[in-house]
Amino acid sequence: MDFDLTREQDMIRREVRKFAESEITPVALELDATETFSPALTRKMGEIGLFGMFVPEAYDGQGLDYISYIIGVEEIARVDGSQAATIAAGNSLGIGPLYYFGTEEQKRRYLPPLCRGEALWGFGLTEPTAGSDAGGSKTTAVRDGEDWVLNGSKIFITNAACEMSLGVTVQAITGTREGGRPEYTCFLVEHGTRGFKAQPMHGKMMWRASNTAELYFDEVRVPGKNILGKRGDGFHQMLQTLDGGRLSIGAMGLGGAQGAYEMALKYARQRQQFGQAISKFQAVAFKLADCAMELECARNVLYKACWLKDRSRPFAKEAAMAKLYCSELMGRVANHAVQIHGGYGLMKDYHVERFYRDQKLLDIGEGTSEIQRLVISRYIGC
Amino acid sequence: MKIIVCVKQVPDTTEVRLDPVTGTLLREGIPSIINPDDKAGLEAALRLKDRYEAHVTVLTMGPPQADLALREALAMGADAAILLTDRAFGGADTWATSSTLASALSALEYDLIITGRQAIDGDTAQVGPQIAEHLGIPNISYAEDLRIEGNTVVVRRQYEDRSHILRAEMPCLVTALSELNEPRYMTPRGIFEAFRDRTVKILTRADLAIDDGNIGLKGSPTRVMKSFTKAVRGKGTVVELDARDAAGWIIERLQEKFVL
């Protein structure tokens, strides 16, 4: 067994941390307060290689292992959830399906600008009537000669309605399988295609500096070559994408928990009450000790899941566990962090206030905590 | 154009922590970094490379672990890296260090040598200028701006209350301030390539044509007599007054202490 990161992974962590602290921390409060997605900051993250991390260099990716990517997300999440969301969704949901399932032509066309961080791609799965129950989806694609015609809508789609958005992968019903289950196929739809409308969603409690979209498809006509992979592969592609995506949400939970913990520890050592630093009181010290212990557990479960994926071994159960544990852990740590900050923790001048809000998405996005428990319970034979 | 950048690996002093029990510095586990002034010098060289297709070699003297600093330089974009490492070089003061580096440099081709002004762990600011003296080339220190004009380097040198614009014919040596630029970030791909695809050339005592009297502890004319932590004086007093009253207040205190 070896618990050490490689020299490369260690250096990536240090460099991304430095970037995050110098480029993201100073603007995070402002972007959150004004609910602003920053294309300039997103491009900067592209320049230092945070997009396309696990994609080969032939498509302008970084050609790294999955754990290096996860470390990248973790370090960004340590200072800001919104920017980590842009990276995690950009890689796992935007770039991932194109890279894993796309034809060579599709990869050559779309991956280079996405991997250079010059453009973003969305993954259209969730619908107003289909969240945890994917069976409730209503978006359809009907064949018309060589083309397909899409109708329907998607909601809560990250990175899909900003000036950098290049297109989206859309899961649609394309027929009925034997036994009456719907057949799903994924289509690539570029922005600017007639009948396709992407609208930013505002008024979010969390990830306020990330871009979230509502998508509308009204008689959107795309050629057959825009099918991602093969017809009927949509369901399988979605499941596999979400398995990988869970690791990046896990990294957001772990990184966010780490950031909240460090802020709480620092504050507790400075804040004086009853004549001494509040970190000396067991009521505070034990909270921080619990946080430190759970962070250790969380990092191990997440890295092990990545380790399995990097070795092409089954990792879906471990990914669900990592996603569930890390996201709920961040909830506990952010809660302690606000509590330790007292009144100041409730103020927007303090980053912990944002961490407390940003965490809530992690219990809900890319498979709710309940769905993760369902997945795990099925794997253990319940 | 051939540029050689001399760098030093130093402990990241921003990460230094105190032992909660003994109050002494905890060096264990402190990450090592490229000295900030040296890193600015490297960035300046890389910008010349971007502009004029210069070839950038990075050179360091240090223990085998200094390899990591050179990998970092390669990940940023340096073309070649040389590590001078040998037990015989250990314990060197600035004279022995600059002699050893100059000996290695004299066997290399260069138009421009860039070093940092000073290292954050020693703060002597002597090694750069000494290298220039050993090599018999012009030296401009404290560069806060640097550009190439024909066969010359034009440097804006920082001075206490002003700047000097100085020009030197190449080959020459410039010492860089960290204010010179914002060093670029390494990309993950650059980091992987630096470890996987690149080599660090290792030179030892046997590779240098230099007298034993100029290297390592034996070749060091200066000795550290004692290091100690400064005793903490009493706490300062904060007084909020306008400038005139403040001046009066200070004079009174100085008179009390019979300084005035």
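The values are calculated or read from the model by the stated rules, or taken from the named source; none is laboratory data. Values in this document were obtained by computation on a predicted structure and should not be read as measured data. Note that we place each Cβ from the backbone using ideal geometry, even for glycine, and neighbour counts take in every protein chain shown.
Could you list, ordered by first residue, the pairs with Cβ atoms under 7 Å in which the first is in region A:245-256 and hydroxyl-bearing (Ser, Thr, Tyr) and the second is in a helix (DSSP H, G or I), at least 6 apart or interchain?
A:SER248/A:ILE70; A:SER248/A:VAL73; A:SER248/A:ALA88; A:SER248/A:ASN91; A:SER248/A:SER92
For region A:98-147, enumerate the residues that are touching an Asp or Glu at 6+ places or on another chain (Cβ under 8 Å) and small (Gly, Ala, Ser).
A:GLY117, A:SER132, A:GLY136, A:SER137
Could you please give the count of residues in region B:38-92 that are charged (D, E, K, R), buried (at least 24 other Cβ atoms within 10 Å of the Cβ) and closer than 29 Å to B:GLY213 by Cα?
Adding up the residues that qualify gives 1.
So which residues in region A:343-352 are touching a helix residue (DSSP H, G or I) at 6+ places or on another chain (Cβ under 9 Å) and surrounded by fewer than 14 Cβ atoms within 10 Å (Cβ to Cβ)?
At the first step, the residues of region A:343-352 found to be touching a helix residue (DSSP H, G or I) at 6+ places or on another chain (Cβ under 9 Å) are A:344-352.
Of everything in region A:343-352, those that are touching a helix residue (DSSP H, G or I) at 6+ places or on another chain (Cβ under 9 Å) and surrounded by fewer than 14 Cβ atoms within 10 Å (Cβ to Cβ) turn out to be A:LEU346, A:MET347, A:LYS348, A:ASP349.
Please find, among A:LEU374, A:LEU324, A:LEU329, A:LEU302, the residue that is surrounded by fewer than 20 Cβ atoms within 10 Å (Cβ to Cβ) and of a type in the set (A, V, I, L, M). Quick ask: steps written out before the conclusion?
Working: A:LEU324 fails: surrounded by fewer than 20 Cβ atoms within 10 Å (Cβ to Cβ); A:LEU329 fails: surrounded by fewer than 20 Cβ atoms within 10 Å (Cβ to Cβ); A:LEU302 fails: surrounded by fewer than 20 Cβ atoms within 10 Å (Cβ to Cβ).
On inspection, the qualifying residue turns out to be A:LEU374.
If only one of B:ALA88, B:ALA45, B:ALA102 is out of contact with any Leu (no Cβ under 7 Å at 6 or more places or on another chain), away from chain A (no Cβ under 14 Å) and within 18 Å of B:THR204 (Cβ to Cβ), which one is it?
Working: B:ALA45 fails: within 18 Å of B:THR204 (Cβ to Cβ); B:ALA102 fails: out of contact with any Leu (no Cβ under 7 Å at 6 or more places or on another chain).
Matching residue, one of B:ALA88, B:ALA45, B:ALA102: B:ALA88.
Please enumerate the residues belonging to region B:195-217 that are assigned to a loop (DSSP other than H, G, I, E, B) and under 16 Å from B:LEU101 (Cα atoms). Give the steps one after another, and end with the answer.
From region B:195-217, those assigned to a loop (DSSP other than H, G, I, E, B) are B:197-199, B:204, B:208-211, B:215-217; that's our starting set.
Scanning region B:195-217 gives B:THR204, B:LEU208, B:ALA209, B:ILE210, B:ASP211, B:ILE215, B:GLY216, B:LEU217.
Using the structure shown, decide if A:GLY90 is in contact (Cβ under 8 Å) with a residue 40 or more places away in the chain, of a type in the set (Gly, Ala, Ser), out of contact with any helix residue (DSSP H, G or I) (no Cβ under 8 Å at 6 or more places or on another chain) and surrounded by 24 or more Cβ atoms within 10 Å (Cβ to Cβ). Step through it out loud before you land on a result.
Numbers: in contact (Cβ under 8 Å) with a residue 40 or more places away in the chain: yes; of a type in the set (Gly, Ala, Ser): yes; out of contact with any helix residue (DSSP H, G or I) (no Cβ under 8 Å at 6 or more places or on another chain): no; surrounded by 24 or more Cβ atoms within 10 Å (Cβ to Cβ): yes.
Answer is no for this residue.
Would you call A:ALA285 assigned to a helix (DSSP H, G or I) and within 16 Å of the chain's Cα centre (by Cα)? Before the answer, list the steps.
Numbers: assigned to a helix (DSSP H, G or I): yes; within 16 Å of the chain's Cα centre (by Cα): no.
No; evaluated as a whole, the condition is false for this residue.
Could you grab me the full set of residues in region A:71-113 that are within 14 Å of another protein chain (Cβ to nearest Cβ) and polar (S, T, N, Q)?
Within region A:71-113, A:ASN91 is the sole residue that qualifies.
State whether one or more residues within region A:103-120 are assigned to a loop (DSSP other than H, G, I, E, B) and free of Cβ contacts under 8 Å to residues at least 40 places away in the same chain.
Going through region A:103-120, the residues assigned to a loop (DSSP other than H, G, I, E, B) turn out to be A:103, A:116-119.
Next cut, free of Cβ contacts under 8 Å to residues at least 40 places away in the same chain only: none.
No: zero hits.
Which of the following residues is under 19 Å from the mean Cα position of the chain (by Cα) and part of a loop (DSSP other than H, G, I, E, B): A:MET238, A:MET206?
Numbers: A:MET238 fails: part of a loop (DSSP other than H, G, I, E, B).
Being under 19 Å from the mean Cα position of the chain (by Cα) and part of a loop (DSSP other than H, G, I, E, B) holds for just one of A:MET238, A:MET206, which is A:MET206.
Looking at region A:16-70, which of the residues that are within 9 Å of another protein chain (Cβ to nearest Cβ) and aromatic (Phe, Trp, Tyr) is surrounded by the most Cβ atoms within 10 Å (Cβ to Cβ)?
Only one residue tops the list, namely A:TYR69.
Rundown of residues vs (1) surrounded by fewer than 16 Cβ atoms within 10 Å (Cβ to Cβ); (2) assigned to a loop (DSSP other than H, G, I, E, B), yes/no style:
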position	(1), (2)
A:TRP148	no, no
A:CYS162	no, yes
A:GLY167	no, no
A:VAL170	no, no
A:GLY180	yes, yes
A:THR185	no, no
A:VAL189	no, no
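Kindly check whether there is at least one residue in region B:161-175 that is surrounded by fewer than 17 Cβ atoms within 10 Å (Cβ to Cβ), more than 14 Å from chain A (Cβ to nearest Cβ) and in a loop (DSSP other than H, G, I, E, B).
Taking every residue of region B:161-175 in turn, at least one turns out to be surrounded by fewer than 17 Cβ atoms within 10 Å (Cβ to Cβ), more than 14 Å from chain A (Cβ to nearest Cβ) and in a loop (DSSP other than H, G, I, E, B).
A:GLY224: in the same structural domain as A:ILE173 (by TED's automatic domain parsing), surrounded by fewer than 23 Cβ atoms within 10 Å (Cβ to Cβ) and either on the phi < 0 side of the Ramachandran plot or at pLDDT 95 or above (or both), yes or no?
On the way: in the same structural domain as A:ILE173 (by TED's automatic domain parsing): yes; surrounded by fewer than 23 Cβ atoms within 10 Å (Cβ to Cβ): yes; either on the phi < 0 side of the Ramachandran plot or at pLDDT 95 or above (or both): yes.
So A:GLY224 fits the description; yes.
Of the residues that sit in region B:94-122 and are part of a loop (DSSP other than H, G, I, E, B) and among the aliphatic types (A, V, I, L, M), which one is nearest to the chain's Cα centre (by Cα)? Step through it out loud before you land on a result.
First pass over region B:94-122, keeping only residues part of a loop (DSSP other than H, G, I, E, B): B:107-111, B:117-122.
From the residues that got through so far, the ones that are among the aliphatic types (A, V, I, L, M) too are B:107-108, B:119-120.
Details: B:ALA107: 22, B:LEU108: 20, B:ALA119: 4, B:ILE120: 7 Å.
Within region B:94-122, the match that is nearest to the chain's Cα centre (by Cα) is B:ALA119.
For region B:187-233, give me each residue that is within 14 Å of another protein chain (Cβ to nearest Cβ) and loosely packed, with under 13 Cβ neighbours inside 10 Å. Walk me through it before giving the result.
Taking region B:187-233 as the starting set, the residues that turn out to be within 14 Å of another protein chain (Cβ to nearest Cβ) are B:187-198, B:200.
If the condition is that a residue be within 14 Å of another protein chain (Cβ to nearest Cβ) and loosely packed, with under 13 Cβ neighbours inside 10 Å, then B:ARG196, B:ASP197 are the ones that fit.
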